[in-house]
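Have a look at the structure below, then the notes.
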Amino acid sequence: MFDLPQRAIDIAAQVESFFQQRVLPNNKLWEQQAKSGQPVPDIQQTLRAEAKELGLWNMALPRLADDEPGLRLTNLEFTAVAEILGRLEWGSHVFNCNAPDVPNMELLQLFGNHAQKQQWLTPLLEGEIGSAFAMTEPYAASSDPTNLETRIERDGDEFVINGRKWFASNGSHSRCELLILVGVTDSQAQKSQRQSLVLIPRHTPGINVVRNLPVFDHLSQTNLHPELEFTNVRVPVSNLLGDEGAGFAIGQARLGPARLHHCMRAIGECEVLISLMVKRSQSRSTFGKRIDEYSSTQAAISLSRIELDQCRLLVQRAAHLLDTVGNKAARKQISMIKVAVAKVYQDIADRCIQLFGARGVTGDTPAARAFGKARAFRIYDGPDEVHLQTIARLEAGEQSLAGLEHYLHE
Ligand SMILES: Cc1cc2nc3c(=O)[nH]c(=O)nc-3n(C[C@H](O)[C@H](O)[C@H](O)COP(=O)(O)OP(=O)(O)OC[C@H]3O[C@@H](n4cnc5c(N)ncnc54)[C@H](O)[C@@H]3O)c2cc1C
């Protein structure tokens, strides 16, 4: 286990106490309000105001400027907090630590100019607006971003955007005011220098919501994944984020922390699933034996614990590297946690479903939804295979063990 400074331990304890006293007891109310169609359930708004008042706010952003609100936890320090927030699907939203706003805020911090920060970063930090990141396209194999086809063409002092995006999470949500779009500015340039990022006010004419996509049949107004069509959408050239042609590199910078935070939250959710497995297996019997007395149950629970603790250590190490050597140097470890956590998350959700029997596939426990989310996590933020390709490439380049020939026999 990595040691955390006392300040981070104290903050995690404060978050835990607020979570137990205010957030968790309101989960059923949140569900009711969400089911009744509220895109931001009233209770979530109430709790956000309370958390902000307590200063438990913007905890996932290590690089806040002096005048920006938030706690300035390092990535490693945030791991302890993120696990607590991850226990509920909406936990991160209470503390303004939710995706995709956090990685979008990081992008604005790193690459936004003064005017862009004032217009977009300030209201995001205050929790007044939401944002989305529009990279993936339905007609391009988007796990390779050099395939993207959406065009960003200059016309005088404006860029004109044409194309289609999908899974731009929360891009159709009522809170969303900003789309950060990745598109091609120079189709003749080297592959990695073709794309740029532009900031598009969500309600700019020419943006059409084609549909909101269900994820394993799940469609909720609180968390939307829209398909968006852009037809002659115009923004001033000053809306370029970072340098023209640097979209590929900038997009990579966004993904390190985004992946890390998803992994941390998933670990928190897995802790809930393990506890539910234990409780359930202690409370029912078959064929004269309590279910927790079967070796298959013990294996399900024990393997879950072993794998989850392995993941936690990997995630802490990746967080530490992100803090100390940066996104680029930590990319192998980020890819490693992305693959490892998504797999373990899916396996633990699967075991939990199994132990709950028929109830496991209903919405009465968090297991079925967790299974769907875990399965999707093996695709978003980069499919497993792409990360495995990255790990293998970096691993090959890092090999340094001397005298390998001595282990081999003719
Ligand atoms: C719930 C959810 C939320 C999302 N949120 C966002 C968002 O906010 N913004 C956004 O822009 N996108 C988002 N996405 C999209 C996601 O990032 C992409 O789906 C992902 O990058 C893969 O791109 P693709 O779907 O085009 O798959 P493709 O690129 O077509 O790949 C399909 C499959 O091909 C195989 N494959 C690809 N490359 C390799 C390889 N190198 N080796 C071996 N096999 C390979 C893999 O099996 C892969 O799953 C989200 C997706 C989901 C499901």
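No value in this document is a laboratory result; all are computed from the given coordinates. This is a predicted model, so every value here is computed, not measured. All Cβ positions, even for glycine, are placed from backbone atoms using ideal geometry, and neighbour counts span all protein chains on display.
Using the alpha-carbon centroid of each, what span in Å lies between the stretch 9-77 and the stretch 309-356? Here the answer is 23 Å between Cα centres. Here the stretch 44-198 is assigned +1 on the Cβ of each Lys and Arg and -1 on the Cβ of each Asp and Glu. Its dipole about the Cα centre then comes out at about 320 debye.
Taking a straight Cα-Cα cut-off under 21 Å and skipping sequence neighbours fewer than 8 places away in the same chain, the lysines within cross-link reach of LYS332 are LYS343.
Taking the Cα centre of the stretch 323-410 as reference, the dipole from Cβ charges on Lys and Arg (+1) and Asp and Glu (-1) amounts to some 520 debye. For the set LYS338/LYS373; LYS279/LYS338; LYS35/LYS373; LYS52/LYS338, the pairs lying more than 21 angstrom apart at their alpha carbons are LYS279/LYS338; LYS52/LYS338. Max-minus-min Cα coordinates of the chain on each principal axis give 79, 71, 43 Å, with the largest extent listed first.
Whole-Hz Karplus values for the stretch 362-369 come out as 8, x, 6, 10, x, 5, 5, 5 Hz, taken residue by residue from phi with 6.51 cos²θ - 1.76 cosθ + 1.60 and θ = phi - 60°; glycine and proline positions read x. What the Cβ-Cβ distance of THR231 and SER296 gives, at R0 = 51 Å and to the nearest 0.05, is a FRET efficiency of 0.35.
Pairs of alpha-carbon atoms within less than 8 angstrom and 6+ residues apart define the contacts here; what relative contact order does the stretch 257-311 have, in percent? The value is 31 percent.
Taking every alpha-carbon pair under 8 Å whose residues sit at least 6 apart, the chain reaches a relative contact order of 14 percent.
DSSP beta bridges fully contained in the chain are about 85 percent antiparallel. Remark: relative contact order (the stretch 166-288) = 28 percent; criterion is Cα-Cα distance under 8 angstrom and separation of 6 or more residues.
With θ taken as phi - 60° and the Karplus curve 6.51 cos²θ - 1.76 cosθ + 1.60 applied, the whole-hertz 3J(HN,Hα) list for the stretch 184-194 is 8, 9, 9, 6, 8, 6, 3, 3, 7, 10, 7 Hz, x standing for glycine and proline. Taking other C-beta atoms within 10 Å as the exposure proxy, PHE159, PHE167 rank PHE167, PHE159 from fewest upward. When only the Cβ of Lys, Arg, Asp and Glu is charged (+1, +1, -1, -1), the dipole of the chain relative to its Cα centre reaches about 1040 debye. Where a ≥ b ≥ c are the square roots of the eigenvalues of the C-alpha gyration tensor, would you call the stretch 119-231 rounded, which needs a/c under 1.5, or, failing that, prolate if a/b is larger than b/c, or oblate? Because a/c hits 1.5 or more and a/b fails to exceed b/c, the stretch 119-231 counts as oblate. Ordering LEU179, VAL215, LEU197 by the projection of their Cα atoms onto the charge dipole of the stretch 174-233, which places +1 on the Cβ of Lys and Arg and -1 on the Cβ of Asp and Glu, puts LEU197 at the extreme positive end. Amide H contacts of GLN195: THR185, GLY247, PHE248, each under 5 Å away and 5 or more positions distant or on a separate chain (H built 1.01 Å from N in the peptide plane; Pro and chain starts excluded).
Placing a label point 7 Å from the Cα of SER285 along the Cα-to-Cβ line, the residues of the stretch 293-313 whose backbone N sits under 20 Å from it are 293-298. With the convex hull drawn around the C-alpha atoms of the stretch 254-397, the volume per residue stands at 103 Å³. Packing around the peptides 121-132, 87-98, 40-51, taken as the average count of other Cβ atoms within 10 Å per residue, puts them in this order, highest first: 87-98, 121-132, 40-51. Across the stretch 344-352, coupling constants 3J(HN,Hα) worked out from phi with the 6.51/-1.76/1.60 Karplus curve, θ = phi - 60°, read 5, 4, 5, 5, 5, 4, 4, 5, 5 Hz, and Gly and Pro carry x.
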